[in-house]
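Note sheet for the following structure.
The values are calculated or read from the model by the stated rules, or taken from the named source; none is laboratory data. Since we're looking at a predicted model, the values are computed, not measured. Here Cβ is always computed from backbone atoms with ideal geometry, including for glycine, and neighbour counts include all displayed protein chains. Side chains are part of the model used for accessible areas, which takes the heavy atoms of the whole protein and leaves out ligands, DNA and RNA. Shrake-Rupley method; radii C 1.70, N 1.55, O 1.52, S 1.80 Å.
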Amino acid sequence: MAGAAHCSLRAKRLLLDPKFEGYKLSLEPLACYQLGLDAAVAEVKLRDDQYTLDHMRAFGMYNYLHLDSWSQDNVYYVDQFGRVMNLSVTLDTALQKPREVFRLPTDLTACDNRLCASIHFSSSTWVTLSDGTGRLYLIKSGKRGNSASEKWEIVFNEELGSPFIIAHSVSFVKSDMHSVAVLLLRVEKDELDTKGSGFHITLEWVTIAAISKEGGHRYEIFKRRFLQGKSVPHYAAIEPSGDGLMIVSYKPFKFVRDEDDQLEENDDAKATNETKDPLYYWQQTEDDVTVTVHIPQDITKDDIKVCFSPDNICVTLKDQPPLVEGKLYSSVDHESCTWIIRENKSLEISLIKKNEGPRWPELIVGDTRGEFIMDSSQCSEITESLMHLTSEVMNPNPEKENPPCNAQELEECDAFLEDSASLCRFDGDTLKVTHVINLGSNQYLFSVVVDPREMPCFCLRHDVDALLWQPHSDQPENMWEHIATFNALGYVQASKQDKKFMACAPDYSYAALCECLRRVFIYRQPTPLSTVLYNRKEGRQVGQVAKQLVATLEASDPILGFQATSERLFVLTTKTLFLIKVNSGN
């Protein structure tokens, strides 16, 4: 990731509501419809050798219900007979039975190590399908949601090795050649991993293209690329153009080709880590920040250009790309900032803080190439401030003036299992990371397709809120756009210990989560009130209110699938499909 641009996510203030007062529990009834299934869903339970957290995340928490984003209110699932079943909703009160649109040619029960069958809708007329045994199907479906025009026809199918699930797929045309790129996910045994779980995650990026042959064209594998990591990605999606890939994961992924290349890459990485020094060093006081950058011997004062602005800094040597550039952690008095060249051929930059006092945890947002140097007085000050949290006694008296930190005072939502997840963008040609964002404590919550022509959005926790981000691979200056906020959802979902799936409406009108059994929680966005309501404590009128609704399903089977549209929620159990009407249609 040495050459990757370190970026940050920028929330839109207009989409944040600092005065949000919470959700009011609403007892209004929700219309709930249910359909009994002719055959049970083809659920595949974890085997004894699938015991890791990654197996649970990838396969144990798999969403067996698939929403067709190209044709709203169309859902699909695979039943135990290998039939792909479709439910298309036009009127909730006149629901038709799910209909068969395709049947897998293979006997699913014949494979001992199979995974769940998986589906992804690449476009309005193309579908990718895995039977869970290691075979990939590319299907031309016709216009879906209409029984007259929907006809699934296999145009490509091939055995691709060990079983996998489909994480994402896109359909695109490049140089007058139609292609479908598919992302396959596997959890594989790693014999070299003796300290970890003993498994690694493989993402295979397969491109299938229409190759011209005599008398027409046929679909064949055009390119296969592999990435490896040590944790199941929360989010993995191919760009609409097929040129790149974005991954949100706890541990980093990297491209591997074969074993020789993999060993070579590891050696290069080791050598780089051993020899690489920090690009710059920095110190700070309550008033200012001092940055030291080592420069080549042949550089003179005229070759150096340092640009200051209230929130940014840029250091350039001669006509080279910027040596140091980015957004400062906090504002500075840019007119008072200076720089000089020291005798030891180092560039010393002095930044005057606009807000005196607060310490900066980093110099440039997202830049890890520098090293912070703390002087002895600062070390002593910090040690003294933390002294009351330590004791030579195993169980000090908690009643004394400065009691030790009590972990029990922390709430469930303050604990993050994964506090160093990152978002990386990979280039399909160079196979290198081009952009990286350290998500820190911005916990990943869920993903949703708002516009099927764009990449799926991902939802992250920011403080107590949940912010929805839309990737724009074709807009380098606005690659991740904040498009919606679900107030306090980050805090609320943390209290739901039994939650299994989360989703939101593509029009952002509500967010929802379901537990493993029966209960579904719906959080509506604030809406204007028809009657006047007063906040007695503050003596002011309340113009709008956000509602929480709870639906309890009449089912004893666990929830296997969960999808949201602008009007309704779909909930799938082993033998029943439930529809919950959340919003009335226009």
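Here is the figure for the range 471-484: residues that are open to solvent by 10 Å² or more (accessible area, probe 1.4 Å) and under 16 Å from the mean Cα position of the chain (by Cα) total 6. The set of residues from the range 356-373 being within 16 Å of residue 420 (Cβ to Cβ) and open to solvent by 80 Å² or more (accessible area, probe 1.4 Å) comprises 361, 368. Taken over the range 28-50, the residue count meeting the criterion of being touching a helix residue (DSSP H, G or I) at 6+ places or on another chain (Cβ under 8 Å) and of a type in the set (S, T, N, Q) is 1.
In this structure, is residue 130 touching a His at 6+ places or on another chain (Cβ under 6 Å), modelled with pLDDT of 95 or more and within 23 Å of residue 234 (Cβ to Cβ)?
Working: touching a His at 6+ places or on another chain (Cβ under 6 Å): no; modelled with pLDDT of 95 or more: yes; within 23 Å of residue 234 (Cβ to Cβ): yes.
No.
Filtered by the rule that a residue be within 21 Å of residue 122 (Cβ to Cβ) and touching a Lys or Arg at 6+ places or on another chain (Cβ under 8 Å), the range 415-469 gives 426, 428.
Go through the residues of the range 139-155 one by one and say whether even a single one is at pLDDT 95 or above, open to solvent by less than 10 Å² (accessible area, probe 1.4 Å), part of a strand (DSSP E or B) and of a type outside the set (Lys, Arg). Scanning the range 139-155 turns up at least one residue that is at pLDDT 95 or above, open to solvent by less than 10 Å² (accessible area, probe 1.4 Å), part of a strand (DSSP E or B) and of a type outside the set (Lys, Arg). Of the strands (runs of 3 or more DSSP E) lying entirely inside the range 167-249, those containing at least 2 residues that are over 23 Å from residue 124 (Cα atoms), free of Cβ contacts under 8 Å to residues at least 24 places away in the same chain and touching a strand residue (DSSP E or B) at 6+ places or on another chain (Cβ under 7 Å) are 216-229. Looking at 335, 381, just one residue is in a helix (DSSP H, G or I), free of Cβ contacts under 8 Å to residues at least 40 places away in the same chain and over 23 Å from residue 7 (Cα atoms), and that residue is 381. Annotation: of all residues in the range 406-443 being outside any strand (DSSP E or B), under 18 Å from residue 5 (Cα atoms) and at pLDDT 85 or above, the one that is least open to solvent (accessible area, probe 1.4 Å) is 428. Applying the condition of being at pLDDT 90 or above, over 30 Å from residue 75 (Cα atoms) and basic (Lys, Arg) to the range 2-59 and asking which residue is farthest from the chain's Cα centre (by Cα) yields 24. Among residues of the range 436-456 that are of a type in the set (D, E, K, R), none has a Cβ under 6 angstrom from a residue that is part of a strand (DSSP E or B) and open to solvent by 20 Å² or more (accessible area, probe 1.4 Å) at a sequence gap of 6+ or on a separate chain.
Pick out the one residue from 187, 232 that is in contact with a helix residue (DSSP H, G or I) (Cβ under 6 Å, 6 or more places away or on another chain), within 16 Å of residue 424 (Cα to Cα) and not polar (S, T, N, Q).
232
For the range 121-138, the set of residues classified as open to solvent by 10 Å² or more (accessible area, probe 1.4 Å) and either of a type in the set (S, T, N, Q) or under 21 Å from residue 54 (Cα atoms) (or both) consists of 123, 124, 125, 133, listed by residue number. Answer with yes or no whether residue 551 is more than 18 Å from the chain's Cα centre (by Cα), modelled with pLDDT under 90, farther than 20 Å from residue 444 by Cβ and of a type outside the set (S, T, N, Q). It is false that residue 551 is more than 18 Å from the chain's Cα centre (by Cα), modelled with pLDDT under 90, farther than 20 Å from residue 444 by Cβ and of a type outside the set (S, T, N, Q). For the range 98-111, indicate whether the set of residues that are touching a residue at least 60 places away in the same chain (Cβ under 8 Å), more than 29 Å from the chain's Cα centre (by Cα) and within 30 Å of residue 30 (Cβ to Cβ) is non-empty. Checked the range 98-111: at least one residue is touching a residue at least 60 places away in the same chain (Cβ under 8 Å), more than 29 Å from the chain's Cα centre (by Cα) and within 30 Å of residue 30 (Cβ to Cβ). Picking from residues in the range 158-180 that are open to solvent by less than 30 Å² (accessible area, probe 1.4 Å) and of a type in the set (Gly, Ala, Ser), the one that is farthest from residue 223 (Cα to Cα) is 169. The numbered conditions (1) surrounded by fewer than 22 Cβ atoms within 10 Å (Cβ to Cβ); (2) touching a residue at least 60 places away in the same chain (Cβ under 8 Å) are all true for residue 81 except (2).
Looking at 287, 298, 333, which one is over 34 Å from the mean Cα position of the chain (by Cα), open to solvent by 70 Å² or more (accessible area, probe 1.4 Å) and at pLDDT 85 or above? Talk me through it step by step, then tell me what you get.
Values: 298 fails: at pLDDT 85 or above; 333 fails: open to solvent by 70 Å² or more (accessible area, probe 1.4 Å).
After ruling out the rest, the residue left standing is 287.
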